[in-house]
Amino acid sequence: MKIFTNFYLIVVLAFVSCNSPKKKTTLDEKPNIILIVVDDQGYADFTGFDEHDSEVKNPNISNLAKSGLTFTQAYTTAPVCSPSRVGILTGKNQFRWDPQASWGPGLPDSVLTIAELLQKEGYATARIGKNDLGRNFHKHNAREYPLKHGYDEFLGFCAHAHDYWLLSDEIKSITKDPNGTSAALGPLMHNEGVKEYKEGYLTDILTNEAIDYLKVKKEKPFFLTLSYNSVHHLIHEVPKKYLDMYEVGEINNYHPDNLEEFGSHKSGSYSAYYDKYSRLGAIKDDDMRKYYLANLHCLDDNIGKFMNALDAENLRENTIIIFISDNGGSPLTGANNYPLTAGKYSLWEGGIRVPMSISWQGKIDPNQIRNDYVSAADIFPTLSKIAGKPTTDKTIDGRDLFLPEDSDRLLVWKWQKTWAARKGDWKLTNSNENNWKGEPSSRYIKPISDDLSLKLFNINNDPGERTNLADSNPEIVKKLQSEYENWCTENIGKF
C-alpha cells in the first residue's frame, strides 16, 4: 500500500498541539474545514481513482482528490442518503437508535453532531445544500434542521431531493404538492425563513452561495458543509450547454398546466412528474447515462469554480477539504459502480463503498492512495481531534483516519431486513437485490443472489462479490455472524 511521504511525522506535526498537555491549540492554529458531500456518485464515475470509466470528465474532482489522499475502500454507514448522512454527521451507526434500520433515523437530542462540536470549539459553521436526516422535512423548528444541530447558517432544502430549476414562490403557489420527501420544489429554506430564486440552476446557486460565504471575513475558523444534490434525480435537469455536450435532448420542466407531460398521470402533481422521469421508461437507457454524465460534468465545473474561489481568497493552505459521496451510485440514474455489484438501496459493495478523499495543503502530500478500508463515520473523530477536542464518546463508531490502518477492524451495517459485517478481507452479508422502484440501467451489475441467504466474500480478491465462499469457509461465516450479532446486542439502544 502506498502511504504519503513521512506519514507519521506529518501526523505528529498535525496533531502535536492536540496531544501536548503543555500547549492548548489556539483559534489561529485551527484549520478551516470544508466537507463536500455529493449525492449518488458511482464508484467508477470518480476520476480520482486511477481506474475509472473513461467517458467521465471530472478534471476538478480529480485534481481535488490528487491534491491529497484518496481512499479506495471508504464505506458509508448505509446505502441510502438519510441514514448515511446521519452517520457522517455523528460518527455513529444510526441504527444504534433506529433498530429497524429505516429510511428515517432522525437525530436524537442526545447525539452530538460534528457541527455542534466544532461550534463549541470556536468555529463558525454553515451548511449549504441538501439536509436529509430522514425525518421532519421542511420544518425549521425540528432537531433535524441544521440550525438546531450546530450550524450557525443554513441555505438549502430538507428532503431527499429537490427540483434543480423550480425555486420560486410562484411555482410553489400553483403546485398542489410542492413539499414531498423526494419530489420537492419551490424556494430554499434559509436560516429562519426561505429564499426564492426566480431563475438559476440549483447546483450553480449552491456553489455561488458557498463562494459568497468564503468571501465574508471571519474572526475565527469556519466549518462549511457544501452538500450538493447532484447527481441525484431528477438527473435530466441540466443546463443546455451540458446536454449539448452529451448530445441528449431537453425535457420540459414541470408545470401543473402541462398535463400532456404526464402520460397516464393526469393529476398534474409534481410527484407524478418526478416518478415519470426518475426511472427508465420515459427516458431510455442510453439517454439516462448521458443525462447522468451531463449532470456530473456540471457538478465538476462547479467544484472547480468553488476551488478557484478558495484559492482567490487565499484560504487553501489552511483548509482541510473532505470529499465524499453519500452512498453508492443509483441503479436508476445511469451511474456506474464497476467493478462493484449493485448500487444504492443495497448492502452489496456498490451500495456502500464510495469515493472519498482528503486534501490539506502542506500537511498531506499530494497523489496519495490508501487501500485499507475506512468508514464515513471516521470523519467525526478525525475532525474533532484536529479541532483540539478528541472525542471520548465510547459510542462513536468511527476512528481517526490518520491512525495506522487496523486490518482487524470490524465494520457492521444494518439496512431494513439485510445486514453485513466486514473484518479484514472478509465480508459476510445476507443482502438481497433491491432496485427500489424500477428497472436498473445497463451499467448496473446484478448480484449473484436475490435472497436473504448468507454470502461470504473475500473483498480484496473479489471486490465485485462474484464468488460466494460461505460453503467452503463455515468457521469464518460463524465467526463473522457471531461478531455482528454481538455488536448489535452490545450497542443497539446505546447512543
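Summary table below
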quantity: Zero-based 20 Å bins, Cα pair distances in the chain, whole percents; calculated: 24, 59, 16, 0
quantity: Rounded FRET efficiency, nearest 0.05, which uses the C-beta distance separating ASN486 from SER168 and R0 of 41 Å; calculated: 0.15
quantity: Chain lengthening between LYS389 and LEU410 when straightened (0.36 nm per residue, less Cα-Cα); calculated: 5.1 nm
quantity: Inter-centroid distance (Cα atoms) of the stretch 203-222 relative to the stretch 399-439, Å; calculated: 35 Å
quantity: Inter-site label distance for ASN367 and GLU439 at 7 Å from Cα along Cβ, in nm; calculated: 4.5 nm
quantity: Gain upon complete extension [GLU199, LYS215; 0.36 nm per residue less C-alpha separation]; calculated: 3.5 nm
quantity: The chain, relative contact order [Cα under 8 Å, separation at least 6], %; calculated: 24 percent
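Quick note: the coordinates plus some simple rules give every number you see, no bench work behind them. Keep in mind the model is a prediction, meaning the values are calculated, not measured. With ideal geometry, Cβ positions are generated from the backbone for all residues, glycine too; neighbour counts draw on all protein chains shown.
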